[in-house]
Amino acid sequence: MRFVGVGESLLAAQFPKLMDGERPTVAPYAKPGEVHLRIADADDEAGRERVRQVEQLIRAKAGEHCYGADEETLPEVILALLRRERQTLAVAESCTGGGIGARLTEVPGASDAFVGGVISYTEAVKHAHLGVPEAVLEGPGAVSHECAVA
């Protein structure tokens, strides 16, 4: 299972009895920007059923933080959701330096849902190309909630 927006220790703390080594085994792995949970049991019907039950329990408790299972990547899930909803996405990036667009365009066929982005690292670009008001840049600043929503 794959999670975003929650750390490895917090995720493990939500399920202490699942991390006790009993079957099925549940092991968290911290990855850059996300956490993976590996759930394993015997490769028979009873083992698969125990894994399914544990996955349901974790999904119910972790909710919005769980974005996928198996080998699905976050960019694949985002693009699939956009396609299903017949939506497109454009991004304005700053501190990420184009990282969001780069990850999305690694997925084959991304252009049907991802239309592009602007890397606006300087205040001048934020103002000229994204229309961020100078008052926001001078007040709360370029790295602020106000700038992000402007």
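Just so you know, all these numbers are worked out from the coordinates, no wet-lab data involved. Keep in mind it's a predicted model, so treat the numbers as computed, not measured. Neighbour counts are summed over all protein chains in view; Cβ atoms, including those assigned to glycine, are modelled from backbone coordinates with ideal geometry.
Figures for the structure shown
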{"item": "Euclidean distance of C-alpha centroids, region 96-134 and region 52-90, integer Å", "result": "23 Å"}
{"item": "0 to 90° range, to nearest 10: angle between helix 74-84 axis and the chain longest Cα axis", "result": "80 degrees"}
{"item": "Alpha-carbon gyration tensor eigenvalues x 5, square-rooted, for region 2-68, Å", "result": "20, 12, 11"}
{"item": "The chain, helix-only ellipticity at 222 nm - DSSP H runs n ≥ 4, -39,500 (n - 2.57), divided by all residues, nearest 500", "result": "-11500 deg cm²/dmol"}
{"item": "Coarse-grained scattering of region 87-149 at q = 0.12 Å⁻¹, given as base-10 log I(q)/I(0) from a Debye sum over alpha-carbon atoms", "result": "-0.33"}
{"item": "Nonlocal amide H pairs with residue 118, under 5 Å, H built at 1.01 Å", "result": "91, 92, 93"}
{"item": "Tilt relative to the chain, helix 45-62 - C-alpha long axis, 0 to 90 degrees, to 10", "result": "40 degrees"}
{"item": "Qualifying GluC sites (Glu not before Pro) for region 21-118 [loop in DSSP, other Cβ within 10 Å: at most 11]", "result": "22, 71, 85, 106"}
{"item": "Segment residue 80-residue 138, extension gain: residue separation times 0.36 nm, minus the distance between their alpha carbons", "result": "17.0 nm"}
{"item": "Student exercise, region 87-149 dipole from Lys, Arg, Asp, Glu Cβ charges, in Debye to nearest 20", "result": "140 debye"}
{"item": "Extension gain from residue 122 to residue 146, taking 0.36 nm per residue of separation minus the Cα-Cα distance", "result": "7.1 nm"}
{"item": "Whole-Å semi-axes of the chain's equivalent ellipsoid (Cα gyration tensor)", "result": "39, 19, 11"}
{"item": "Per-residue Cβ neighbour rank within 10 angstrom, fewest leading, 121, 67, 29", "result": "29, 121, 67"}
{"item": "Selection from 42, 80, 101 lying farthest towards where the dipole of the chain points positive, charges on Cβ", "result": "42"}
{"item": "Distance in nm between pseudo-label sites at residue 38 and residue 90 (7 Å out along the Cβ direction from Cα)", "result": "4.3 nm"}
